[in-house]
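What follows is a single structure, written as structure tokens, with notes after it.
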Amino acid sequence: MLSVVERFVSINGEGAHAGELAAFIRFRGCNLGCSYCDTKWANRSEAHAMEYTPERLANWVADKHVANVTLTGGEPLLQDELNELVELLLAQGNRVEIETNGSMQLDSLAKAERRPVFTMDYKLPGSGMEAAMRRDNFRLLGKHDTVKFVAGSLTDLERAREIIERYQLESRCHVYLSPVYGKINPADMVRFMIDNDMIKTRLQLQLHKFIWSPEKRGV
């Protein structure tokens, strides 16, 4: 069974398919505790959740008539039956994106003949969670995948640039810089990108936080 705290259809607020409709499934539980986390309510073990079989969730997605599916959390890779759900969704023709926090091993899904797309965080110093990052996952990423750096300070940006260059991420996958909401001026991030010739890195703002209240759920 899979522990789901919410499921809904909305637009992708970030990533390569930002602005497109997607079916979102948010799972309960996370193994990290980032300083800026905006889904702490879903991470708690006592958070209200419904238990679903992979088949029931796949059927729910099919009924929504959307191509994109975003599996998020929390940390979706903590769910024991996630691989089975991914297989069912891919078999019915969905594009499946897994938003993962960078601390979980991706091998089993990344090496599958038919695989999902990963949006993998790299937690920067301001998150307090950088020590948990699995940099060996970078080797598993390809042109449809994304590494996302959420920055709240110049120190965070400098570290992001260092990691991007060391692992040559711009030539491997999509690379996004995203601001910690309310902590850093996006214009300053653009200036940093210009000053450091980050020509293949993209700045992304979370669309859903501009369309709706940043605290609103189910969007």
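Provide the solvent-accessible area of residue 144, counting protein heavy atoms only and rolling a 1.4 Å probe, rounded to the nearest 10 Å².
120 Å²
Counting only helical runs of four or more DSSP H residues, what would the 222 nm mean residue ellipticity of the chain come to if each run contributes -39,500 (n - 2.57) and the total is spread over all its residues?
Calculated from helices alone, the mean residue ellipticity at 222 nm is -7000 deg cm²/dmol.
So for the pair residue 132, residue 211, with labels modelled 7 Å out along Cα→Cβ, what separation do we get in nm?
Simple spin-label model gives 2.9 nm for this pair.
Please give the charge dipole size of the range 150-204, origin at the Cα centre, charges +1 on K and R Cβ atoms and -1 on D and E Cβ atoms. Round to the nearest 20 debye. Mind dumping the intermediate values first?
Numbers: 8 positive and 8 negative charges, 38 e Å.
Here the range 150-204 has a charge dipole of around 180 debye.
Please find the FRET efficiency linking residue 56 to residue 108, where r is the Cβ-Cβ separation and R0 is fixed at 35 Å, and quote it to the nearest 0.05.
0.95
What aspartates and glutamates could a cross-link reach from residue 64, if we take a straight Cα to Cα line under 16 Å and drop same-chain neighbours fewer than 8 places away?
Candidates past the 8-residue exclusion: 6, 20, 55.
Given a 1.4 Å probe and the protein chains all in place, what does the accessible area of residue 195 round to, in Å² to the nearest 10?
100 Å²
Can you check what the net charge comes to around residue 125, using other residues whose Cβ is under 12 Å from the Cβ of residue 125 (Lys, Arg +1; Asp, Glu -1)? List each step's numbers first, then the result.
On the way: positive: 123, 159; negative: 130, 156, 158, 162.
Summing Lys and Arg as +1 and Asp and Glu as -1 gives -2.
Note down the nm distance, to one decimal, between modelled labels 7 Å out along Cα→Cβ at residue 183 and at residue 144.
In this crude spin-label approximation the distance works out to 3.2 nm.
Could you report the accessible area of residue 118 in Å², rounded to 10, computed with a 1.4 Å probe on the protein chains as they sit in the structure?
So the heavy atoms of residue 118 present about 0 Å² to solvent.
Over the range 1-91, with the other protein chains present, what is the accessible area per residue in square angstrom, probe 1.4 angstrom? Before the final figure, lay out the partial values.
Working: 4010 Å² over 91 residues.
Computed with neighbouring chains in place, this is 44 Å² per residue.
Using the crude model of +1 on Lys and Arg Cβ and -1 on Asp and Glu Cβ, and no other charge, please compute the dipole size for the range 1-139 relative to its Cα centre, in debye to 20.
Approximately 200 debye in magnitude.
Based on alpha-carbon centroids, what's the gap between the range 1-15 and the range 124-198 in Å, whole number please?
24 Å
Report the one residue of 190, 30, 15 whose Cα lies farthest in the direction of the positive end of the charge dipole of the chain (charges on C-beta: Lys and Arg +1, Asp and Glu -1; origin at the Cα centre).
190
Among 208, 53, 72, which residue has its Cα positioned farthest towards the positive end of the charge dipole of the chain, with +1 placed on the Cβ of Lys and Arg, -1 on the Cβ of Asp and Glu, and the dipole taken about the Cα centre?
Toward the positive end, the furthest listed residue is 208.
Under 14 Å from a point 7 Å along the Cα-to-Cβ line of residue 1: which residues of the range 36-58 have their amide N that close?
Counting backbone N atoms under 14 Å from the label point, the list is 48-57.
From the residues 144, 171, 160, which one has its Cα farthest along the dipole of the range 88-219 in the positive direction, the dipole being from +1 and -1 charges on Cβ of Lys/Arg and Asp/Glu about the Cα centre?
In the range 88-219, that residue is 144.
Where in the chain is the longest stretch that carries no GluC sites (Glu not before Pro) classed as loop by DSSP and with at most 16 other Cβ atoms within 10 Å?
Numbers: sites that count: 20, 46, 81, 113, 215.
Formally, the longest exposed-site-free interval is 114-214.
Checking the table 40/148; 111/200; 143/209 against a 22 Å threshold on Cα-Cα, which pairs fail?
111/200; 143/209
For the range 37-162, which whole percent of the accessible surface, found with a 1.4 angstrom probe, sits on carbon and sulfur atoms?
Numbers: 2710 of 5600 Å².
Whole-percent figure for carbon plus sulfur exposure: 48.
Does the range 1-110 come out rounded, prolate or oblate by the C-alpha gyration tensor, with a ≥ b ≥ c the root eigenvalues, rounded set by a/c under 1.5 and, if not, prolate when a/b is larger than b/c and oblate if not?
rounded
Please give the contour-minus-distance gain from residue 63 to residue 170: 0.36 nm per residue of separation, less the Cα-Cα distance, rounded to one decimal in nm.
Stretched fully, the residue 63-residue 170 segment lengthens by 34.8 nm.
Assign unit charges at the C-beta atoms only (+1 for Lys and Arg, -1 for Asp and Glu), then state the dipole size of the range 82-219 relative to its Cα centre in Debye, rounded to the nearest 20. Numbers along the way, then the final one.
Working: 21 positive and 19 negative charges, 38 e Å.
It works out to roughly 180 debye.
For the range 54-125, which trypsin sites (Lys or Arg not before Pro) are both in a DSSP coil and crowded by at most 11 other Cβ atoms within 10 Å?
Loop-located and lightly packed - 111, 114.
The values are calculated or read from the model by the stated rules, or taken from the named source; none is laboratory data. Quick caveat: nothing in here was measured; it's all calculated off a predicted structure. Positions of Cβ are generated from backbone atoms using ideal geometry, with glycine treated the same way; all protein chains shown enter the neighbour counts. The protein model used for the area step is the full one, side chains on, heavy atoms only, and it has no ligands, DNA or RNA in it. Shrake-Rupley method; radii C 1.70, N 1.55, O 1.52, S 1.80 Å.
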